[in-house]
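The next block holds one structure in the form of structure tokens; read it before the comments.
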Amino acid sequence: MPKTNNNIAVIGAGTMGRGIAQVFAQSGFEAYMFDAYPEALTSASAQINKMLDRAVEKGRVTAEDATATKGRLHYVENLSDIGTQPLVVEAATEKLDIKIAILQEAQQHLTTDGILASNTSSISITQLAATVDHPERFIGMHFFNPVPLMKLVEVVRGLQTSDETAQRTIEIAQAVGKTAVSCNDHPGFVSNRILMPMINEAIFTLQDGVAEPKAIDDIMTLGMNHPMGPLALADLIGLDVCLHIMEVIFRDLGEDRYRPCPTLRKYVAAGRLGRKSKRGFYSYE
């Protein structure tokens, strides 16, 4: 069974889950990753190893550190094999029923004072906390893609999150080299309440024929000093994810300014999801 000191368990081995596990393993944590689909674990292992090997080639980490990191990553096919952990981070798909089912199982693998966190980018932390036994020890840890490179962790407090849980979560984020910024639970939190309407408005701008995708992105990168244009960023995030977040914000706040652009819906319906499907507002073939 895993040790209970300096450990973490991550549930979900997709892009975000594997990035979170990698960051913790690089910082000296024993990181246990579970996914209901074994092929997701295989893919996560291959992707993490590829990233670490590339980092060695570029001189960002030593070969010894990369090998040590790989040794601290544990890919488990049964949830029971994650043992008892002081921190469990849920990083599954953005569907409420799936997250609730996972969290109710995951809480059984916490130490007596363990923290249960969700990496959700849009679902209410208060709503999720209401489904577990200790809502005072439930919190949002919203990492950003790509996790190994992005410094921010948006620490989202639910209505019942205790001060102690919030402080410990901030300290944990800092221990893995992240900058933790705290906010309260609200549709979209801070990051996506501001970012997603901007992306949505960029799609409306495209829909209205104001400019082509590259022109829209160039104006925002060169004129506003953004590191990436909103349409390219949407492709990176995933257009399905953008649509889901806009739907949550629109549903919960009810204001027309948060209405998802019809073109966004059309692209998602067509399977043009961005980088992960090789085509979105740009082609990645």
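Structure notes:
- Among the residues of the range 57-99, just one is at positive phi and surrounded by 15 or more Cβ atoms within 10 Å (Cβ to Cβ), namely Gly83.
- Residues that are touching a residue at least 24 places away in the same chain (Cβ under 8 Å) and either of a type in the set (Phe, Trp, Tyr) or touching an Asp or Glu at 6+ places or on another chain (Cβ under 7 Å) (or both) within the range 231-254 comprise Leu231, Ala232, Val241, His244, listed in sequence order.
- Taken over the range 168-208, the criterion of being β-branched (Val, Ile, Thr), surrounded by 15 or more Cβ atoms within 10 Å (Cβ to Cβ) and in a helix (DSSP H, G or I) is satisfied by Thr169, Ile170, Ile172, Ile199, Ile203, Thr205.
- Looking across the range 256-285, the residues that are modelled with pLDDT of 95 or more and assigned to a loop (DSSP other than H, G, I, E, B) come down to Arg259, Pro260, Cys261, Ala270, Gly271, Arg272, Leu273, Lys278, Gly280, Phe281, Tyr282, Tyr284.
- Just one of the listed residues (Phe24, Phe29, Phe34) is more than 24 Å from Gln174 (Cβ to Cβ), surrounded by 19 or more Cβ atoms within 10 Å (Cβ to Cβ) and in contact (Cβ under 8 Å) with a residue 24 or more places away in the chain, namely Phe34.
- Hits in the range 139-167 - residues which are more than 27 Å from Ile48 (Cβ to Cβ), touching a helix residue (DSSP H, G or I) at 6+ places or on another chain (Cβ under 6 Å) and crowded, with 19+ Cβ neighbours inside 10 Å: Arg157, Gly158, Thr165
The values are calculated or read from the model by the stated rules, or taken from the named source; none is laboratory data. All figures in this text were calculated on a predicted structure; none of them were measured in a lab. Glycine gets a Cβ as well: all are built from the backbone with ideal geometry, and neighbour counts include every protein chain shown.
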